[in-house]
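Here's the structure, in structure tokens; my notes come after.
The values are calculated or read from the model by the stated rules, or taken from the named source; none is laboratory data. Computed from a prediction, not measured in an experiment: that's the story for all the values here. Neighbour counts are summed over all protein chains in view; Cβ atoms, including those assigned to glycine, are modelled from backbone coordinates with ideal geometry.
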Amino acid sequence: MHMRKGSTAEAVRKVIKSHPSIIDCICFGIVNFSALSRIITKEVKKAGNLEKIDENAVKMAIIRFSEDIKRRRTLNERMIRYILANSSVRLEMDVIVVTAEREVVLRNVNEIMEKAANARFFQLTQGTRTFTLAIAREASSSIVNLLSRGIAYKMDDQAAIILVSPKEIIDTPGVVSYITSILAWNGINISQIISCHTDTILIVSRDDAIRAYNVLEEIILRLRSS
């Protein structure tokens with residue numbers, strides 16, 4: 001298929017947007033534009049389907065785009081900080097996560113919901129071919145028995161971190177990315193992410209739960225104080 005030729009500026013924007021680390025460096029003002037243009041010129045040429053490319057043109061496009069990035073990032077980061085400062089975090093230990101075939105869950109959905117009605121913690125998420133259920137351990141055995149023939153994957157010893165945020169989280173890009181990147185840098189793996197209106201639910205290993213909770217609580221408290 002023939003690819004449409006684009007402009008250098010369009011190609012530069014496309015390449016930079018695909019590298020979050022470059023965006024971070026631009027926002028912190030620690031980018032050498034000449035060095036960056038040399039590094040990404042070949043990628044820009046390919047991204048824009050350009051026959052010829054001038055390194056100086058790439059550099060100028062980076063400089064122009066960097067001002068737009070800084071302006072947008074500043075506004076977005078202010079909103080992210082506001083949302084997190086006004087969020088609360090809760091921890092639910094002893095959670096079991098079960099992924100089961102769609103047909104098996106649908107066949108037993110009424111019984112599952114009856115058993116889950118009084119559970120300390122319960123979340124049901126539909127995928128394309130399966131459902132994933134996150135259930136408080138003490139309420140899980142009867143539901144697991146119902147689904148036993150259709151279980152594709154089961155994770156014991158999990159915990160749920162529930163971040164309850166103001167309604168602005170719905171329309172603000174980057175909040176979940178901000179949270180998950182911080183947890184990743186702290187070596188914490190997230191096995192499931194569930195969104196329910198203004199609640200963001202992160203399922204992590206029981207071994208990481210206290211540390212993950214403390215990391216998020218520390219961020220919230222620091223943002224409130226600043």
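Comparison of Ala136, Ala116, Ala160, Ala85 shows that the only residue that is out of contact with any Phe, Trp or Tyr (no Cβ under 8 Å at 6 or more places or on another chain) and either surrounded by 15 or more Cβ atoms within 10 Å (Cβ to Cβ) or more than 27 Å from Ile220 (Cα to Cα) (or both) is Ala85.
Of everything listed in (1) within 30 Å of Ile143 (Cβ to Cβ); (2) surrounded by 15 or more Cβ atoms within 10 Å (Cβ to Cβ); (3) β-branched (Val, Ile, Thr), the single unmet condition for Thr128 is (2). If you go through the stretch 172-201 and keep only what is under 19 Å from Arg72 (Cβ atoms) and in a helix (DSSP H, G or I), you end up with Val175, Val176, Ser177, Tyr178, Ser181. Screening Ile169 with (1) outside any strand (DSSP E or B); (2) within 13 Å of Val95 (Cα to Cα); (3) modelled with pLDDT of 95 or more; (4) of a type in the set (A, V, I, L, M, F, W, C) gives one miss only, at (2).
Among the residues of the stretch 100-110, is any assigned to a strand (DSSP E or B) and surrounded by 13 or more Cβ atoms within 10 Å (Cβ to Cβ)? Yes, that holds for at least one residue.
Within the stretch 197-211, being modelled with pLDDT of 95 or more, under 17 Å from the mean Cα position of the chain (by Cα) and not polar (S, T, N, Q) holds for Asp199, Ile201, Leu202, Ile203, Val204. Answer yes or no as to whether Val97 is touching a residue at least 12 places away in the same chain (Cβ under 8 Å), surrounded by 14 or more Cβ atoms within 10 Å (Cβ to Cβ), under 30 Å from Ile151 (Cα atoms) and β-branched (Val, Ile, Thr). In short, yes.
Rundown of residues vs (1) more than 17 Å from Ser177 (Cα to Cα); (2) touching a residue at least 24 places away in the same chain (Cβ under 8 Å), yes/no style:
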{"site": "Glu43", "(1), (2)": "yes, yes"}
{"site": "Ala47", "(1), (2)": "yes, yes"}
{"site": "Glu55", "(1), (2)": "yes, no"}
{"site": "Met60", "(1), (2)": "yes, no"}
{"site": "Ile63", "(1), (2)": "yes, yes"}
{"site": "Ser66", "(1), (2)": "yes, yes"}
{"site": "Arg71", "(1), (2)": "yes, no"}
{"site": "Tyr82", "(1), (2)": "no, yes"}
